[in-house]
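The values are calculated or read from the model by the stated rules, or taken from the named source; none is laboratory data. Since this is a predicted model, take the numbers as computed values, not measurements. Don't worry about glycine lacking a Cβ; one is built from the backbone with ideal geometry, like all the others, and counts go over all protein chains shown. These area figures cover heavy atoms from the full protein model, side chains too; ligands, DNA and RNA do not enter into them. Shrake-Rupley method; radii C 1.70, N 1.55, O 1.52, S 1.80 Å.
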Amino acid sequence: MKRLSLIDDTFLRFESRRQPLHIGMLMLFDPGENAPADFAAKLAERLRQSTKSEAPFNHRLVRSKGLHYWKEDEEFDLAHHFAHIALPKPGRIRELLAMVSRVHCGHLDRAYPLWRMYLIEGIEDGRFAVYLKIHHSMVDGVSGIKMLLKAMAPTAEESLTLPPIWETLTKKSGHQALPLPSPANGSLKVLRAVAKDGMNSVKPIWRELRSNLQDLWERNPNIVVGGQAPRCLLNQKVSATRRFAAQSYSTPRIKAIAKHFDATLNDVVLAMCASALRHYLDDFKDLPAKPLIAAVPVSVRRGNSDFGNEVAFTLTHLATYIDDPAERLIAIKSCMDYNKNQLRKLSPDQSLVHAALKLVPGGNSLLGLSSDTTLANLVVSHVPGPRQDMYWQGAKLSGLYPVSLLIDGSALNITLISRHDFVDVGLIACRKSVPHVQRLLQYIEDGLCELEACIK
């Protein structure tokens, strides 16, 4: 058995009836014009023949003396994890997203390995879909994408030789003791390392915190700490129901804007999201005068493990108080540059500690003791995807839409995956607290058009 890390274990302990803490992925595939009508049915039959599993798909949760452990499931039952279903007619993307919205609400059974996969046919344009959900205690966004891509190939022929994702071998974690506790460590061995080399590790963190305090004192607009976010309709207690919406946006269009402003692709997509949130909240007369704050996950993965969580959060303002889209993008870029400059000065483990300490001022908001502010308004996550066309089991990947999770006080999550030709956006929202979430998709497109108009 293997004991769960502190962060992985937290996703299990914070789960509740209203807050299932699994993440998911909706993948669209095009089997090609000459594919037979029963392509999906034959694929499902072939997949059912694969009854073996590899880590983490064979990890079953066990509990001993109040602690959680992963144990290899010796009675792996594929029938529990894999389902072949069809959309109701007419099989529009609308019906597909509605189905994912319903299925994503359901909790994963802890008596089995914590994942399920649905092969979905009946889409009107001839494509089929795969929806995979897996508990966040098993993977984060970066490790999840890595596992998916290991089951794909750059050609249709090669992809037919690969096993299903649950049978794809992944690396096992082999972390060494580190100077500071990290998501993958929490043992006495790490504490001894802290005691031995504690001051050398703490000094850079303390130096950056002093710099942060100075910037706060001088009212530097780029410094963001927990508790600065103004409350709005996004910051309510969540219900148990979800609404999922998804759309793709052209990568070349976004890159052209990034080049003009000497910005990154991530800066531009944050600006697109900021524009969308401005319009959406204005529809409900709930746009705060102060800027919305986004929690942006940053991977600190070292490269020697393919599962588990190794992520820190940085906070950035979205400059939603600025009317001009170009000025808004420049302000967002400045804040993100400030954050990246700090991250470059710290090791991955120091970054985790520093990020956690910057959230401390938001403690009152997290405990519900502040009615005016919150820790952050939403999570905006951007994960790099494949940089070329990819195929799975003979079909071309045409969409990779993330389906994230929600917690009380953060009723909307925007997650993006950048591929070589498109940025795929997945929105997950509390159906009760955040109505008409599909409007945000059009507003994100409008935000892209606004920025394009600035460079013409």
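Side notes on the structure shown:
- Among (1) modelled with pLDDT of 90 or more; (2) closer than 22 Å to SER404 by Cα - the single one VAL142 does not satisfy: (1)
- Some residue of the range 49-66 being open to solvent by 10 Å² or more (accessible area, probe 1.4 Å), over 26 Å from the mean Cα position of the chain (by Cα) and closer than 30 Å to GLY409 by Cβ: yes
- Positions within the range 100-143 being assigned to a helix (DSSP H, G or I) and open to solvent by less than 20 Å² (accessible area, probe 1.4 Å), in sequence order: VAL100, SER101, HIS104, SER143
- Of the criteria (1) closer than 23 Å to PRO20 by Cα; (2) at pLDDT below 90; (3) open to solvent by 40 Å² or more (accessible area, probe 1.4 Å), which one VAL360 fails: (1)
- The range 210-232 - residue that is exposed (fewer than 15 other Cβ atoms within 10 Å of the Cβ) and not polar (S, T, N, Q) and, of those, nearest to ALA319 (Cα to Cα): PRO221
- Strands (runs of 3 or more DSSP E) wholly inside the range 375-456 that include at least 1 residues being open to solvent by 20 Å² or more (accessible area, probe 1.4 Å) and not acidic (Asp, Glu): 378-384, 395-403, 422-430
- Qualifying positions in the range 56-99 - part of a helix (DSSP H, G or I) and touching a Ser or Thr at 6+ places or on another chain (Cβ under 8 Å): LEU78
- Subset of the range 243-265 (residues that are under 21 Å from the mean Cα position of the chain (by Cα) and open to solvent by 10 Å² or more (accessible area, probe 1.4 Å)): ARG243, ALA246, GLN247, SER248, SER250, THR264, LEU265
- Residues being charged (D, E, K, R) and either open to solvent by less than 50 Å² (accessible area, probe 1.4 Å) or touching a residue at least 40 places away in the same chain (Cβ under 8 Å) (or both) - total across the range 316-336: 2
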